[in-house]
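First up is the structure itself, then whatever we jot down about it.
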Amino acid sequence: MYVCLCNCVRDKDLRQAAESGVRSFAELQAMTRVATCCGQCEDFARQVFDEALDPGALAVQPA
Ligand code: FES
């Protein structure tokens, strides 16, 4: 799915960037241009990128 409509960046592009060694959002922006125009996608882009860096971080913890 598209995360950033301004720059046609997909969730898989963000995951691939993480898999290729990108570790900061600024570096991700330099590579993909995500969230560099209107900025509306930034929160979701960060969420997708953080999840790609640490897949277990957002998992629901048992009560
Ligand atoms: S939707 Fe990503 S910068 Fe506009």
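The values are calculated or read from the model by the stated rules, or taken from the named source; none is laboratory data. Worth saying up front: this structure is predicted, and the values here are computed from it rather than measured. No Cβ is skipped: glycine too gets one built from the backbone with ideal geometry, and neighbour counts run over all protein chains shown.
Across region 28-45, the qualifying residues are those that are in a helix (DSSP H, G or I) and out of contact with any helix residue (DSSP H, G or I) (no Cβ under 6 Å at 6 or more places or on another chain), and the one among them that is farthest from residue 3 (Cα to Cα) is 30.
Note on region 8-27: residues that are away from the ligand (no atom under 16 Å from the Cβ), surrounded by 12 or more Cβ atoms within 10 Å (Cβ to Cβ) and in a helix (DSSP H, G or I) total 4. The residue of region 48-63 that is modelled with the highest pLDDT, among those that are assigned to a loop (DSSP other than H, G, I, E, B) and either within 19 Å of residue 17 (Cα to Cα) or among the aliphatic types (A, V, I, L, M) (or both), is 54.
Taking the options 45, 35, 30, name whichever one is exposed (fewer than 15 other Cβ atoms within 10 Å of the Cβ), within 15 Å of the ligand (Cβ to nearest atom) and modelled with pLDDT of 95 or more. Don't jump to the end; show me each part of the working.
On the way: 45 fails: exposed (fewer than 15 other Cβ atoms within 10 Å of the Cβ); 35 fails: exposed (fewer than 15 other Cβ atoms within 10 Å of the Cβ).
The conditions single out 30.
The number of residues in region 23-39 being within 16 Å of residue 11 (Cα to Cα) and touching a residue at least 24 places away in the same chain (Cβ under 8 Å) comes to 7.
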